[in-house]
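Encoded as structure tokens, the structure appears first; notes follow it.
The values are calculated or read from the model by the stated rules, or taken from the named source; none is laboratory data. Note that the structure is predicted; figures quoted are calculated from it, not measured. Backbone-built Cβ (ideal geometry, glycine too); neighbour counts: all protein chains shown.
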Amino acid sequence: MFDSYRVNTLQYDPDRCINCGMCSRVCPHGVFMPGRETAELAAPALCMECGACALNCPVQAITVQSGVGCAWAMISAALRGKDMDSGECSCGGEPGSCCGSVQEKPE
């Protein structure tokens, strides 16, 4: 199963980059930084796959599958009343995890 804590779907093609700086401005985790000729992919492991960089890249140098990684896991955990850091959420899609089947919230 997809391990959203270690792997993400972020793809960056520096050959297409025009160094506009939008990716570094919109990224909430500093994944991109301005570079001399093109944007620098400074911290790809910090990507939470929100898609802001890809949506704001005017030349489509960045692609990411929104809704499959950490950001989606956090939203799913919150909606299901789970705590991602307590071990209740594995993000592996197993039944009962934040990414798995929908669980009834205790009343």
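If I go through the range 57-74 residue by residue, how many of them are assigned to a loop (DSSP other than H, G, I, E, B) and either over 22 Å from E40 (Cβ atoms) or modelled with pLDDT under 90 (or both)?
Final tally of qualifying residues: 5.
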* Structure fact -> Among C50, C91, C99, the single one that is buried (at least 19 other Cβ atoms within 10 Å of the Cβ), modelled with pLDDT of 55 or more and part of a loop (DSSP other than H, G, I, E, B) is C50
